[in-house]
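Student: Input: one structure, supplied below.
We did not get these values from a lab; they are worked out from the coordinates using the rules stated. These numbers come from a predicted model, not from an experiment. We place every Cβ from the backbone using ideal geometry, glycine too, and count neighbours over all the protein chains shown.
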Amino acid sequence: GSALFTFSLSYTNRSTWISRPLIGLLGIIPLLTLVLLWVEPWRSIFFVIPDPNAQYLSFSGPWDRIWSIYMFELVSAGTVLLIDDFIRRPRPLTRYWVIILGCFIPFLVLLTRIMDLRIPFPLDLTLAAFTLTGLGFSYGLLNHDLITSVPLIPEVVVKYMDDGWIILDTQNIIVDIN
């Protein structure tokens, strides 16, 4: 969640939003989650035993709800940032479908968790969703050069320039000039 959100900020040229206080705030819930899981008396806040005869524990406790909402908000914000960026600066969908699809997988899984639409057997799809997202992003970054093809905002390029400038696209067509 936090990694997807910070990736979205960076990828959409909003790196100035990433600061030490933001990183600290993004780490509070994950750190608290680890502490609660590691300390024995608080561990029960994660689990609910649905039936005394049940053979498995369910991650349906109160902290699971807090964690799911937190992750859903981060994934939603990251997805909205990326979609907004794609709408403002249209790009060929054939190259960026991996990023868009990669955001929607954890979004849908976390949405089903929040709405309590759980599958009937003991399988948590959240880990699989984030794994698929990471693999998809890796595929896109390595095979489609998505890092090198991040379009720059003209204001970012010329922020500190006192000279005249011309911005060309990949076909050497003038996009902007002063």
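Student: Which order do the peptides 35-41, 2-8, 134-140, 172-178 take when ranked by the mean count of other beta-carbon atoms within 10 Å per residue, highest first?
Tutor: By packing density, highest mean first, the sequence is 2-8, 134-140, 35-41, 172-178.
Student: Follow-up. Using a simple spin-label model with points 7 Å from Cα along the Cα→Cβ vector, what separation in nm is obtained for Ile69 and Leu117?
Tutor: With each label placed 7 Å out from Cα toward Cβ, I get 2.0 nm.
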